[in-house]
Amino acid sequence: MMRPQQAEPAWRARMGRRTLVRHLSVRLLPAVLLLTALDLGATWLITHQVDLETWQLDEIFWVMVAGQVALMLLFFGLVISGIRSGLRGVYRLSDELRSRSIEDLQALDVDQVPREIAPLVVHTNDLLGRLEASVQAQRRFVGHAAHQLRTPLTGLKLESELLLEQPLNDDIQARVMRIKQSTDRMIRLGQQLLVLARADPGTRPQDAFMRLDLAEEVRNVGMEWVPRAYAQSVALELDAPVTPVWIDGDAVLLAELIGNVLDNALRYGARPGLIRLGVGHAPPSLIIEDDGPGMGEQDQKRAFEAFYRVPASTSGGAGLGLAIVREIAQAHGGWCRLESGSGGRGLRVVIVFPGPRIGARLTRGAVSSAA
C-alpha cells in the first residue's frame, strides 16, 4: 500500500482543483446572481410600474419584507442543497466504511471526496495499510511457527510410540502415554493454527475459489470419519440431496471445517451416540447435530472465540475447533451459529454459504455437468 509521501501527489493530481469551496462557489454563484436580478427587478417594478399614490407606506414596506423573506428562504435552500451535494462523496465514504467487514482493510477511494477531506482519507489509508501489514505479519508468524513445530513434535510422537512397544513398568508406561497424548494435542493445535492462518480472507480471495458440490464434499469427508466414529460407538447419519448443491469454495478448507465440527461432536457427544449431517439447498447450508449435553446460552455466544472452552468440559482440546469453523465460513462469505439440538439436547451447528457467483471458475466436473 502506498505511503502518504507517495500517495499525496497522486491524489492531488487526480483531484486537480476539485475543492469544496470551488464546488459551492460554482454551484451557488448562478443562483446568487439570479436572486440578485430578481430582487432588483422586483424593486424596479414596485418603484416604476406601480401607482404609489394608491399605496400606503406600510403596505409597500410589508410587500418588500415578504419579497426579501421569500428570497432569503430560497437562498438558504440553495445553500443547503449545495453543501449536501458537495459532501456527497463524504456520505459515500461513510456508507462504505459502515458496510465493510472487520477483515476488510483495503484502501479507501480518495477520488470522490473533496480536496479538504482528502488528507484525512490518505492518512486513514496509511493507517489501514500498516494495520493490514501487522495482521499479515502476525498470521505469517503463526503459520511459520506452527509449521516448524510439526517436525520435532512428529519425532517426539514417534519416539514415544516406539517406547510404548517396549516392556515397561506401569509407572513409566503411564508417563510415556501422557507424553504421547500431550504430543498429539500439540500436533493437532499446530494443524489448527495453520488452518487459521490459511483461512484468512485476505490471502485467499473468493475469486480464486472453485465451483464445488457441498453435498459431495460432506459425503467424502463423512466417509473418512466413519471408522473413528465407529470406534467410539457413534453412528453418522447423512441427509443430503442427490442433486448438486453448488458453492464457490476451497475443498481443503471445507474439509477442515467439516472435520472440526465432527471432531467437536465426537468429543462432546453421547456414548453410544448419533451425529446427524444435513445439507440444504436454498440457501446452501450444512447442519451437524450431536446428542451430547449441549451448551448453555452464554457458552454458545462465546464458543466461536479462539481458545475458549466450556468451563465444565473434561474433553481435551485447545478451544480452536469452532473458531476455525467460523474463520473458514467467513472466508467463504458465509456465517455460522449454534443452536440447541432436537428436544433441547445436544448441539446443532448451522453453517450457511452464499450461492455460486456468476463468472467464478468451474471445476472440470462442474464444466462437464453444465455442458
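The values are calculated or read from the model by the stated rules, or taken from the named source; none is laboratory data. Given the structure is predicted, the values throughout are model-derived calculations rather than measurements. Neighbour counts are summed over all protein chains in view; Cβ atoms, including those assigned to glycine, are modelled from backbone coordinates with ideal geometry. Note: accessible area is taken over every heavy atom of the protein model, side chains too, but ligands, DNA and RNA are not part of it. Shrake-Rupley method; radii C 1.70, N 1.55, O 1.52, S 1.80 Å.
Quote to one decimal, in nm, the extra length available between GLU224 and SER99 on full extension: 0.36 nm per residue of separation minus the C-alpha distance between them.
Working: separation 125, 0.36 × 125 = 45.00 nm, distance 3.95 nm.
Extra length from GLU224 to SER99 when fully extended: 41.1 nm.
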**Study point:** Gain upon complete extension [ARG185, VAL252; 0.36 nm per residue less C-alpha separation]
**Key:** 22.0 nm
Study note, to complete from the structure: Ignoring ligands and nucleic acids, LYS301 exposes an accessible area, probe 1.4 Å, in Å² to the nearest 10, of 130
Review point. Roughly how much of SER160 is accessible, in Å² to the nearest 10, using a 1.4 Å probe?
Key: 10
Review point. In nm, to one decimal, how far is the modelled label at GLU216 from the one at HIS123, with both set 7 Å along Cα→Cβ?
Key: 5.4
Point to revise | Distance (nanometres) between label positions extended 7 Å along Cα→Cβ at SER81 and LEU168 | key: 8.6
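Can you give the extra length, in nm with one decimal, that the chain gains between TRP335 and ALA306 once fully stretched, where that is 0.36 nm per residue apart less the Cα-Cα distance?
On the way: separation 29, 0.36 × 29 = 10.44 nm, distance 1.62 nm.
So the extension gain works out to 8.8 nm.
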Review point. Tell me, what is the 1.4 Å probe accessible area of TYR91, in Å² to the nearest 10?
Key: 120
